[in-house]
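The values are calculated or read from the model by the stated rules, or taken from the named source; none is laboratory data. Fair warning: this is a prediction, and the values are worked out from it, not measured in the lab. Cβ atoms come from the backbone with ideal geometry, glycine included; neighbour counts cover every protein chain shown. Accessible surface is based on the protein model in full, side chains and every heavy atom, while ligands, DNA and RNA are left aside. Shrake-Rupley method; radii C 1.70, N 1.55, O 1.52, S 1.80 Å.
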Amino acid sequence: MRFLHEKNRAILSEMVRTDFKVRYQGSALGYLWSLLKPLAIFSIMYIVFTVVWPVAKGVPHYEVYLLLGIMLWNFFTEATILGASSIVSHGSLIRKINIPRYLIVIASTVSALINLGLSLVVVFVFALLSRVQFDWHLLTLIPVLLELFIFTLGVAFLLATLYVKFRDISYIWEILLQAGMYGSAIIFPLVSVSPSLQKWFFLNPMVQIIQDARYALLHSPEVLTIWSSNAGPRLTIFPFAVIALICIVGSVYFKKKSKYFAENV
């Protein structure tokens, strides 16, 4: 078992490296695009929502608040879109070589995770320039990022399995992601929403994850989390229950259908 584990780890490492090479092949700026794209989106949103249409008056370090939300959402978007098409895009490999199918999906998610790691360096630089005072709450960012990775992987497994048979799933998912961005409090602070509506945003697990990450970095009362909202005990555990359910359903469904992938890709 130990040898098999090491072998799979080597395969995963090689797949991640190959993914990076193929993705940025022929690009003049190469890997820099993984940072430039979210930074460009951040710049546009920051100007619009602080100058043209100010929505974050009174929110300290809003630039860090906004940038962190964009980076986390960008990871979720990138990882799930890549994960959805990962099995089909590696169809020739699946037909020729007998490798664990789940490694293909994990490789696409890990590739996006590396980009997130680079992006977080930029976030911390912005935080230092904005004179954010770090404290022990910053350590809670680690389990939040782990939760994000697990949730994203569960979604990627589910989408990858569905995409093998239903190619329209990619278009549907892109629409849902676009809608989800505006419903995940990426731009506006949740404290600006009516108190009677605040708790319902946390039905979306990404809201809970992003808000917890922001609180870990900024530790500000203006960053509303599911723990500081007026959500009851049942609503408090809801996003975690959704994440657990998606991970279980995604992995079980993927395992059940993976034996037929070679016939359908």
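For beta carbons closer than 7 Å, sequence separation of 6+ or different chains, a first residue in region 65-79 that is farther than 16 Å from residue 215 by Cβ and a second that is aromatic (Phe, Trp, Tyr) and surrounded by fewer than 24 Cβ atoms within 10 Å (Cβ to Cβ), the qualifying pairs are 70/42.
Scanning region 215-231 for residues that are at pLDDT below 95, among the aliphatic types (A, V, I, L, M) and farther than 24 Å from residue 134 by Cβ turns up at least one hit.
Limited to region 232-265, what total is found for residues that are out of contact with any helix residue (DSSP H, G or I) (no Cβ under 6 Å at 6 or more places or on another chain), assigned to a helix (DSSP H, G or I), surrounded by fewer than 14 Cβ atoms within 10 Å (Cβ to Cβ) and not β-branched (Val, Ile, Thr)? Looking only at that region, the number is 9.
Which of the residues that make up region 143-173 are within 14 Å of the chain's Cα centre (by Cα) and over 20 Å from residue 245 (Cβ atoms)? Correct list: 145 only. Out of 36, 29, one residue alone is of a type outside the set (Lys, Arg), out of contact with any Lys or Arg (no Cβ under 8 Å at 6 or more places or on another chain), loosely packed, with under 13 Cβ neighbours inside 10 Å and at pLDDT below 70. It is 29. Only one entry of 191, 223 meets the criterion of being within 18 Å of residue 67 (Cβ to Cβ), among the β-branched types (Val, Ile, Thr) and in contact (Cβ under 8 Å) with a residue 24 or more places away in the chain, and that entry is 223. Could you grab me the full set of residues in region 195-231 that are over 19 Å from the mean Cα position of the chain (by Cα), open to solvent by 50 Å² or more (accessible area, probe 1.4 Å) and farther than 16 Å from residue 138 by Cα? Matches in region 195-231: 195, 196, 197, 199, 200, 222, 227, 228, 230. Residues that are open to solvent by 60 Å² or more (accessible area, probe 1.4 Å) and either free of Cβ contacts under 8 Å to residues at least 60 places away in the same chain or closer than 17 Å to residue 151 by Cα (or both) within region 93-123 comprise 96, 97, 98, 102, 113, 114, 121, listed in sequence order.
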